[in-house]
Structure formats: structure tokens, C-alpha cells
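Working notes, beginning with the structure itself.
Laboratory data are not the source of any read-out in this text; all were calculated from the coordinates shown. Remember, predicted model here, so these are calculated numbers, not experimental data. Here the Cβ positions follow ideal geometry from the backbone for every residue, glycine too, while neighbour counts run over all protein chains shown.
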Amino acid sequence: MDKLAILDQYLPPGAVSTIAYWIEMHQCQFKISRNRATKLGDYKSPCNGINHRISINSTLNPYAFLITTIHEFAHLITWNEHKNNTKPHGLVWKRNFKKLMYIIMENVVFPDDIQNALYHHLENPSASSCTDLNLMRVLQRYDDNSDGFIKVEELALNSVFTTPNGRIFRKKNLIRKRYCCVEIATGRQYLFSPIAKIKQAIV
């Protein structure tokens, strides 16, 4: 299967040719990865004769996959301009992220709710789209929810839930923007994003 056909499985209409062009232009190793709980995508700069490397989680819906891809390409552009002499998510990265996103938005028709959330996000892009709860909530509307996962914020307080890796927690109080949850097996407390995907446990 050629590169365009593979990308077409993961990206929304209108984005495939541009992303394929960026991959080719920058001679970037572009990998579609298994799901990673701690990150949606990753960029690695050239090292030991290996050129730019970008990896994106395969489980993302097409719009989240595209936005994450643009996020990582903004790192690539920033590295080409300044190597390691600038902050990873500083003003230069934000400028490049905005520039690449506006290029994509000329060709990709986002649903109105995503487009509105994106315009707000682009006013001051964060280090991860995951930290923009409004954008993530909108993007999650387009997830395949057939796996039975729900968000932490949808559970009542004191409900018990399991994480994708099988650990069991009880939901407690909200601390600023995250929920304090107690692991049943250890009694240890952990903070969960309100939009973290979990399954309610039957107890």
C-alpha cells in the first residue's frame, strides 16, 4: 500500500496530499504507532544519521490525528530554524504551529464545532492539545465510542472505575482542573484529567 493510501485511512479529506508532501519534503520518518496513554504524538530531531522522526497514535480520530500531526511538524520546522536553541513550545513553535494549521485549514473542511474550538486554541496554542479541555472535548465527539469508554467527568463522585491498563480507582473530589482519585489496591491518590477515558466498574 502506498503512502497516500495509508494516510487516507487516518486523515480527513483534503489533508492527505499536504501531509504526504511535508513528509517527503523534510525526508521525515513518519510512523503510525499503537496507542500510548501518555502522549498522542512524538517528534524526534535528527540524530546519529537518522533524520526527523514523527509518530502519531493510530487510535486517534481523523481530526485529532491531523491536529497532532501538525503539532509535531511544527516541532520539526522549529528545529530546522533554531535547532535546540529555543523553547520546545515557545513563541517560535507557536508561530509555526499557527502557520501550518492555517495552511491545512485552507483545504480541510472541519466541522463547525471543531473549527470554532481551533480558532480559540490558536489564539495561544498550548504545549499539548490535551491541556485545552474545550478542544479535546469537541474532538472526542468524533471518537469511536464502541469500546465502552467514558470520561472521568461523567462519573458520579465515589464511583469506581478501571483505566485502560486495568487499574481500579475511586473518583473523589475535583482539585482545580483535575479529579483526585484513589487507587483501590494501594490507597494512593492520583490526579486525573476530567476527559481521561475510563470504564465504570461494577461493584
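For region 53-121, trypsin sites (Lys or Arg not before Pro) are listed when DSSP marks them as loop and at most 16 other Cβ atoms sit within 10 Å of their Cβ; the list is 83. Please tell me which of these pairs span more than 25 angstrom C-alpha to C-alpha: 44/199; 98/171; 39/197; 44/87; 44/171; 171/197? As for pairs spanning more than 25 Å Cα to Cα, those are 44/199; 98/171; 44/171. Between the C-alpha center of region 176-203 and that of region 71-89 there is a gap of 34 Å.
Measuring how big region 3-140 is from its alpha-carbon positions, Rg and Dmax come out at 14.1, 44 Å. Annotation: extensible slack from residue 115 through residue 4 equals 37.5 nm (criterion: 0.36 nm per residue apart, minus Cα-Cα distance). Evaluating 6.51 cos²θ - 1.76 cosθ + 1.60 at θ = phi - 60° for every residue in region 186-199, the Karplus couplings come out as 10, x, 7, 9, 9, 9, 10, 4, x, 9, 5, 7, 9, 10 Hz, glycine and proline recorded as x. Given DSSP loops and a limit of at most 12 other Cβ atoms within 10 Å, what is the longest stretch of the chain that contains no such GluC sites (Glu not before Pro)? It works out to 1-105. With the helix formula -39500 (n - 2.57) applied to DSSP H stretches of n ≥ 4, the chain reaches a computed 222 nm mean residue ellipticity of -10500 deg cm²/dmol.
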